[in-house]
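What follows is a single structure, written as structure tokens, with notes after it.
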Amino acid sequence: MSESTVAINHIAITLPNREAWLQQIAFLQSQGVVFHRRINHGMTHSVYISDPNGYGIEVLYELPREVWEGDIDAALNYAERLPTEGEEALADEAENVPVFGKS
């Protein structure tokens, strides 16, 4: 997230559940915080922002274990990019998420 050499690329803050995460990202957006990336990973749904000093912050919630435990490697390497602005940036698909390692 940083264009310069840094010791830490970003920190991650995990919210306890999807509802808390949705409330937090709506609040951040209402305060004018820029979403650099909005990504559904195989294990988490995440939004990437910067603090006032430019340090990267990932705000996420973890998907249920049964979604990713069948193939952790595939889940770690999955990334679905989503819109970063407007109402679309606040949309989160709770149903029909990919399940890794299940046929």
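The values are calculated or read from the model by the stated rules, or taken from the named source; none is laboratory data. In this text the structure is predicted, and so the values were computed from the model without any measurement. Here Cβ is always computed from backbone atoms with ideal geometry, including for glycine, and neighbour counts include all displayed protein chains. Protein only, heavy atoms only, side chains kept; ligands, DNA and RNA dropped before computing areas. Shrake-Rupley method; radii C 1.70, N 1.55, O 1.52, S 1.80 Å.
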Open item on the list: Out of the residues in segment 52-76 meeting the condition of being acidic (Asp, Glu) and within 18 Å of ARG18 (Cα to Cα), tell me which one is surrounded by the most Cβ atoms within 10 Å (Cβ to Cβ).
Closed with: GLU58
Task: Count - residues of segment 84-103 that are open to solvent by less than 60 Å² (accessible area, probe 1.4 Å), part of a loop (DSSP other than H, G, I, E, B) and under 21 Å from ASN17 (Cα atoms) - done: 7
Open item on the list: Residues that are in contact with a Phe, Trp or Tyr (Cβ under 6 Å, 6 or more places away or on another chain), among the basic types (Lys, Arg) and not in a loop (DSSP other than H, G, I, E, B): does segment 31-53 have at least one?
Closed with: yes
Open item on the list: Name the single residue that is nearest to ARG37 (Cα to Cα) among those in segment 69-103 being more than 13 Å from the chain's Cα centre (by Cα) and of a type in the set (S, T, N, Q).
Closed with: ASN77
Task: Residues within segment 42-94 that are free of Cβ contacts under 8 Å to residues at least 24 places away in the same chain and touching a Gly at 6+ places or on another chain (Cβ under 8 Å), tallied - done: 1
Open item on the list: Cβ-Cβ distance below 7 Å, separation of 6 or more or different chains: which pairs start in segment 6-26 with a residue that is outside any strand (DSSP E or B) and end on one that is loosely packed, with under 12 Cβ neighbours inside 10 Å?
Closed with: ARG18/ALA94
